[in-house]
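Here's the structure, in structure tokens; my notes come after.
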Amino acid sequence: MESFTRAELLSSIDNLWSVCGNTFDAFEKCRMEKGSDPSLCLRESTAVMGCSQKVMREIINNCQPEMEKTVTCIEENNMRTLCCDAEKKEFNECFDRLIAPKFLQ
């Protein structure tokens, strides 16, 4: 399983939600209903990790230069995304063009 930096995840959060939102919601619902014991929502947690890993792999394979520009901007702005609209727009355009069609139909 790959690991990703906080900046990489911050740069990709909207894209992750667009693909994995239902999975994220199912995990949160499980946690709300069953409490904070991780073993009670293991299936949902595994689904969150699987979906996130799949999307991040596609991002690395198809939009890495655009993501790296966004990551650099976020890192240079103390992990704030507000100053990175231009970079984020370019990254999102790449995602929408090359990755979203594989997952969203």
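Figures for the structure shown
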read-out: Enumeration of residues in the stretch 1-39 that are of a type outside the set (D, E, K, R), closer than 30 Å to Cys63 by Cβ and open to solvent by 80 Å² or more (accessible area, probe 1.4 Å); value: Met1, Ser3, Trp17, Asn22
read-out: Every residue from the stretch 40-74 that is in contact (Cβ under 8 Å) with a residue 40 or more places away in the chain and buried (at least 17 other Cβ atoms within 10 Å of the Cβ); value: Val55, Met56, Glu58, Ile59, Met67, Thr70, Val71, Ile74
read-out: Pairs where the first residue, in the stretch 86-105, is closer than 13 Å to Ser12 by Cβ and the second is surrounded by fewer than 12 Cβ atoms within 10 Å (Cβ to Cβ) and hydroxyl-bearing (Ser, Thr, Tyr), C-beta under 8 Å, 6+ apart; value: none
read-out: Set Met67, Met79: member being hydrophobic (A, V, I, L, M, F, W, C) and on the phi > 0 side of the Ramachandran plot; value: Met79
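This table checks each residue for (1) out of contact with any Leu (no Cβ under 8 Å at 6 or more places or on another chain); (2) modelled with pLDDT under 95.
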| site | (1), (2) |
| --- | --- |
| Val19 | no, no |
| Asn22 | yes, no |
| Phe27 | yes, no |
| Ser36 | yes, yes |
| Glu44 | yes, no |
| Val48 | yes, no |
| Met67 | yes, no |
| Ile74 | no, no |
| Asp85 | yes, no |
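The values are calculated or read from the model by the stated rules, or taken from the named source; none is laboratory data. This one's a predicted model, so the numbers in the text were calculated from it and none came from an experiment. Heads up, the Cβs are rebuilt from the backbone with ideal geometry, glycines too, and the neighbour counts pull from every protein chain shown. The area values use the complete protein model at the heavy-atom level, side chains included, leaving out ligands, DNA and RNA. Shrake-Rupley method; radii C 1.70, N 1.55, O 1.52, S 1.80 Å.
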